[in-house]
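In what follows, a single structure is set out as structure tokens and then discussed.
The values are calculated or read from the model by the stated rules, or taken from the named source; none is laboratory data. Model, not experiment: these values are computed from the prediction. Cβ placement follows ideal geometry from the backbone for every residue including glycine, while neighbour counts extend to all protein chains displayed. Protein only, heavy atoms only, side chains kept; ligands, DNA and RNA dropped before computing areas. Shrake-Rupley method; radii C 1.70, N 1.55, O 1.52, S 1.80 Å.
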Amino acid sequence: MLQVFVKRTFRGLVLAFVAVNLVFFVVHVIGDPVGRSLPLDATPEQYAARAESLGFDRPLWEQYTDYVGDVARLDFGDSISTQAPAMGSVLTRFPRTFLLVGVGMGLTALIGIPTGVILATTKRRWVDRLGNSLTLTALSVPQFWLGILLILVFSLKLGWFPTSGIGGWKHVVLPSIALAIGPLGKTIQITQVTLRDELQKPYIRTARAKGLSEGRVLYHALRNAGVAVATVFSHETILALAGYTVLVETVFAWPGIGSLIAEAISNLDIPLTSAVVVAVLLVVVVANSLVDIMYRRLDPRIARGLK
Amino acid sequence: MNQPHRNASSAPLLQASDIHVRFDVEGEIHHAVRGVSIDVAEGQTVGLVGESGCGKTVSMLALVGLLASNAEVSGRITYRGNLIKSHAELVALRGSTIGMVFQDSMSSLNPLLKVGVQVGEAVRRHRGLDRKAAKREAIRYLEQVSLPEPDHVYHAYPHELSGGERQRVMIAGALACEPELLIADEATTGLDVTTQAEILDLLSSLRDSRGLAVVFVSHDVGAVAELCDDLYVIYGGRSVEAGRTSEILNEPRHPYTRALLDALPGMEVRDRLTGIPGLPPLPHAFPPGCAFAPRCAQAMGEQCNEPPPLFTMKSGRRVECWLEGAVTGD
Amino acid sequence: MISPKLTRRGLFAATGGALILAACSDDSTESSDTKPSTGDSTGDTPGSGAEQAGGTEPYEVVVAISRDPEQLDPHKTGDNAEFIWNNVYEPLYRRSVDGSEVLPLLAAELPTQIDDTTWEIPLNPDARFASGDPVTAADVAYTIESIVHNDLVLSIGDRLEGIASAEAVDDLTVRMTTKTVDPIFLSRLTYGLIVQEGQREVEGWPQSGHNGSGAYTFDSWEPGSQVHLTRRDDYWGEDVSAAPSTVVVRIIPDKATQLLSLENNELDIVPELSPDQARTAPVSARVSGTDSTLIRTNTLNGRPLATPELREAGSLAIDRQAIVDVLFEGDATVAECQIAPATEFGHTVGLGEAEYDPDRARELVAEFYDGTPLSFIAGAGFSPKHSDVAQAVAQNLQDVGFNIDLQITDSREVLAAQFGSKDGFADLLLWTTNAELFEAIQSMQWVRGDHGFSAVQNDVVDAAVAEVLSTTDVAARQAAYDTINRTTCEEHLNYYLYYLDDFYGISEDIAWTPRAEGWIILKDIRPA
């Protein structure tokens, strides 16, 4: 177990190093952070002065070593655009995305898994068909479009929730639903497919032969479908935590990490981009470790290295 | 507890007559079991033998209502003289009255649950015990199937046990329901010879100590024959020969039975080794008459295209073969 | 290459979106009649418009902006948040609502010109910072000096560029010198927000410690979410008791969400709308003709448009009326053949609209065009419908035989290249500029070429631009403008397309008139 963690942490560090280098490379070689922070018609003199004040006039290797050194000490410096500590922005934005992802994935689990179970076990044709077409819709509906639709229906028509922004719990509802809809479709689908598969397996026959209740038999199958469902579910969660929420955050004016990534990159804000990238990587590495632990709990064969 | 005995003439426990099973495979009807009849008396041991795919397992699953939803079962089943009138009544017999042990213990046990839990859950279900009591009982059953260190085994997962241990666990799971009849469906298939013998020993000792009726389903006559009071030879979805084991072994009458016995190495009755040529027919392509005719060395031509008549002898032995008429004459 | 469908598809997309919005707008106008206060319906939403009772009841107004202010330093902030700081701090002069006049604010009266480059400005003795300290000449000198001698303070430094120095003559008199004769000195001062002496050295600045003379104080900024402002009850100027007591500036990136929030009574003012978006708002307001959209041609030697006949063909090919009618549904005005509309200084009377004659254009193209592809760059997000307009124009030009390579981008780098070196020049550049006097001059800089060469390669225009930038004599400047306008028009150096008003969506709870320069001055807002 410990060995796995050491390995994972090391891999995370390597990944962070690569990412941080990538940020530097993209910003310096492809972008023009000095120009970006100036008006379009700035004069060469203004450009030079700006470059000097930001330290961009120094040799590239010097900038690079300084930069990597600072990042290694987790000192990302101040954001170029806000001039506030970059890590501070990350720390205020991330919890909001956590909230959104938490509620969204909570909804996904609460609705998706039972629905998948119903679809896998139903003998009624129409339930199956209805379920499948709803799942397909959930999988194909564009987040942006859905967001606007939710606002139209639940804010404007029904007046139940505010259109956008952060505040009380009511603000969380619509963006969470918009965020959940894709993962929901996937969760229903994977639950349905794997559960149906598991229910055909010999151990289910054994369970039935013991005269167990259908509920208990279902538990047997679910326990085995769990690994596949958890894989899809955690993949979606990690994706969302890594900034996949950006569209939903834009539609609902939700100032989370997704919109911060977008802002940081479009402003070529090196300190902010580095801080966001490192923070996101950290979250992803931790989340992956948690997923590992979860796998070990779900399937003892993984823990013994048999699978 | 019933008194241990091996008397075939005791009161009938399960009577199944003229069982048919039809599968609807995408609109095509597969008639897999075509009128099998089986009687099991209290404490009796019965063997169902025949090649794979001949309908042994399907008929047994039909008896406990474990077939897939595309199967249609007809026939008459009584249990202790009570006619079973619905699928629900059949399901009610499962576990608590009729237990089943399957082949391939690896896939027949849930890979993600501790084996102890899989034994204990039957206890909880049928005897309404709480978790702690169920655990105690589970350990007791694990002990009964002669597993060493049952406390330790309780916490093991199937993949951590050997094939023989798993099979014992599965038997313990079935026993935990305290059934009167145990169906062992190829329970020793895939195990090495020593382990096979151990498992069979275990089953026969359980039968003796608990007065359990046991149905052995096997493609391997040699493995089970000597344990069984009665033997049913199944082929092409029908029981082609049935009767007391000793009689059948001594004097097999159906060519298929003979071929089966011939195929056995080291069988005392025959010392020749004759494989059965050809393959058994598939359920969707059973020939109209005698199903064995295409492979039968003694086939009688035209006649075998008609379903063979049933001959019942004084001893109660039943044979379905045109040859029988030709031999006895009347 | 552009297919004829593209423009139409763009139109469909735009109208489709508008339809959805329009559909809901009808409906919720009804429903908001039935609800006495829609603010309650959404529970804890931050702001929901003005209270109906009496002018002095405290009420909150919520304004939407698309991007984070990013900068808390009033002198560094970007365009979108400029208005916030214009409510917390004040300049010496501010334009009238319609932009036609410059009025004293912190100054007591208009500046007195001492000589060609020296001005004296008397201050209003009543002006007070939020701290209660009077606004003194030392504060003004400190502010101006710190801006013009600080290369970092760019967004504003650019606008105050012509000022060389500022000093306090006495408590209430400031003397400023300009680098050269500066005809737009007064306009420059409308941008210089005055901070107290030593403001930049205050502990925690600019995150905290704001002390402006404006009618509002800066309370808090939640990055990515909102900015809170509170009305000063001790404001030194006119009575502001009927103005909103608190103001929330909400950052909502998506325009559709902004409009829906306005619809849902969560917002009171949504700026920067296109005409069709404005139509979906409960109340829409427009302020006329400050934005002028044009296409700059690249006349550098060797490029196809160095040939006057081809430039003429390009101009003749563009159906400006159709763009205004179809894309803006009549809510824009076809431009006269010059940057400034009739309301602005620098307008030349009698130039008229550019001619539309595709047949003649076709003849010219057939005669003079060698088929070299013309690169055409347009910024997508810089003005409403830029990409639609660019596609329509490209289609017009292709129809008469030009080979057009259209690139629609929202990349600042690509656009910046248009102002940087000659190598980066596209043959055609779609651009929208503020036609108000001061901005027009700025725009002229690229007409003239600010980088040591003349982008238009026209000596007459170059000389006239130099004249405009160096004389304070009104008649002489007008004459120079006339020369610039007439020459760029007749030589087809620029294709002037249309003037587009600024459109705002406003809730039914407030009364407010948009301003020509585009700032939302909160103390001017009243309950409906």
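For segment B:31-94, applying the loop criterion from DSSP together with a ceiling of 12 other beta carbons within 10 Å to the GluC sites (Glu not before Pro) yields no site. Spin-label model, B:SER162 to C:ASN301: label points 7 Å out along the Cα-to-beta-carbon direction sit 9.7 nm apart. For chain A, complete DSSP H runs whose alpha carbons reach 24 Å or more along their own long axis and whose mean Kyte-Doolittle score is 1.0 or higher are A:2-25, A:86-121, A:270-298. The convex hull around the C-alpha trace of segment B:107-176, projected and averaged over every direction, spans 4.0 square nanometres. The alpha carbons of segment A:163-217 occupy a box of 55, 19, 10 Å along the principal axes, longest dimension given first. Magnitude of the charge dipole for the protein assembly as shown, about its Cα centre and with charges confined to Cβ atoms of Lys, Arg (+1) and Asp, Glu (-1), is about 8640 debye.
In a DSSP loop and with at most 14 other Cβ atoms within 10 Å, the GluC sites (Glu not before Pro) in segment C:90-148 are C:GLU101, C:GLU109. What you get for segment B:107-176, charging only the Cβ of Lys and Arg (+1) and of Asp and Glu (-1), is a dipole of about 300 debye around the Cα centre. Compared with the alpha-carbon gap, the fully stretched path from B:GLU251 to B:ASP192 is longer by 18.3 nm at 0.36 nm per residue. Take each residue of peptide B:106-117, count the partner chain Cβ atoms within 10 Å of its Cβ, and average: the result is 5.
Backbone phi angles across segment C:293-299, fed through the Karplus curve with coefficients 6.51, -1.76 and 1.60 (θ = phi - 60°), yield HN-Hα couplings of 10, 8, 10, 8, 9, 9, 9 Hz in residue order; Gly and Pro are listed as x.
Taking all Cα-Cα distances within segment A:209-291, those exceeding 14 Å account for 72%.
Report Rg(Cα)/(2.2 N^0.38 Å) for segment A:86-255, keeping two decimals.
1.20
Rg/Rh for the protein assembly as shown (Cα atoms only, Rh after Kirkwood) is 1.18. Put simply, the convex hull of the Cα atoms in segment C:90-201 casts, on average, a shadow of 6.9 nm². Accessible surface of chain A, 1.4 Å probe: 69 percent of it comes from carbon and sulfur atoms. Percent of Cα pairs in chain B per distance bin of 20 Å, from zero to the largest separation: 31, 57, 12, 0. Kirkwood's formula applied to the C-alpha pairs of chain A gives a hydrodynamic radius of 22.3 angstrom. Taking the Cβ-Cβ separation of C:HIS149 and B:HIS87 as r and a Förster radius of 60 Å, what is the calculated FRET efficiency to the nearest 0.05? Step by step, r from the Cβ atoms, then E = 0.05.
List the residues of segment C:251-292 whose accessible area drops by at least 30 Å² when all protein chains are present, compared with their chain alone, using a 1.4 Å probe and counting only protein heavy atoms. Residues of segment C:251-292 that lose at least 30 Å² of accessible area once the other chains are added: C:PRO253, C:ASP254, C:THR257, C:LEU260, C:ASN264, C:GLU266. Within segment C:484-528, whose backbone N sits under 20 Å from a point 7 Å along Cα→Cβ of C:ALA242? Zone members listed by number: C:506-515, C:520-528. For a label point 7 Å from the Cα of A:ARG129 along Cα→C-beta, name the residues of segment B:15-31 whose backbone N is under 20 Å from it. Flagged as within label range: B:26-27. Take the accessible area of C alone and of A alone, subtract that of the pair with a 1.4 Å probe, and the total buried over both chains is about 3700 Å². A 1.4 Å probe run over segment A:190-307, with the rest of the protein chains in place, finds 38 Å² accessible per residue. For the peptide A:143-156, the mean number of other protein chain Cβ atoms found within 10 angstrom of a residue's Cβ is 4. Per residue, segment C:94-243 exposes 40 Å² of solvent-accessible protein surface, assessed with a 1.4 angstrom probe and all protein chains in place.
Sorting the segments C:69-75, A:82-88, C:367-373 by their mean number of nearby beta carbons within 10 angstrom, highest to lowest, gives C:69-75, A:82-88, C:367-373. Taking the Cα atoms of segment A:7-165, the ratio Rg/Rh between the radius of gyration and the Kirkwood radius comes to 1.16. Once the partner protein chains are put back, segment A:169-214 shows a loss of at least 10 square angstrom of accessible area, versus the chain by itself, at A:LYS170, A:HIS171, A:PRO202, A:TYR203, A:ARG205, A:THR206, A:ARG208, A:ALA209, A:LYS210, A:GLY211, A:LEU212, A:SER213 (probe 1.4 Å, ligands and nucleic acids excluded).
In peptide A:249-256, how many Cβ atoms from other protein chains are near each Cβ within 10 Å, on average?
6
Remark: segment C:278-340 carries 30 Å² of accessible area per residue (probe radius 1.4 Å; ligands, DNA and RNA excluded). Each of the peptides A:153-159, A:234-240, B:184-190 was scored by the mean count of other Cβ atoms within 10 Å over its residues; in descending order, highest first, they stand as B:184-190, A:234-240, A:153-159. Simple spin-label estimate for C:ASP115 and C:ALA342 gives 4.4 nm between the two label positions (7 Å along the Cα-to-Cβ direction from each Cα). Here segment B:61-115 exposes an accessible surface that is 52 percent carbon and sulfur, computed with a 1.4 Å probe and the other protein chains kept in place.
Ordering C:264-272, B:282-290, C:166-174 by mean Cβ neighbour count within 10 Å, with the highest value first, yields C:264-272, C:166-174, B:282-290.
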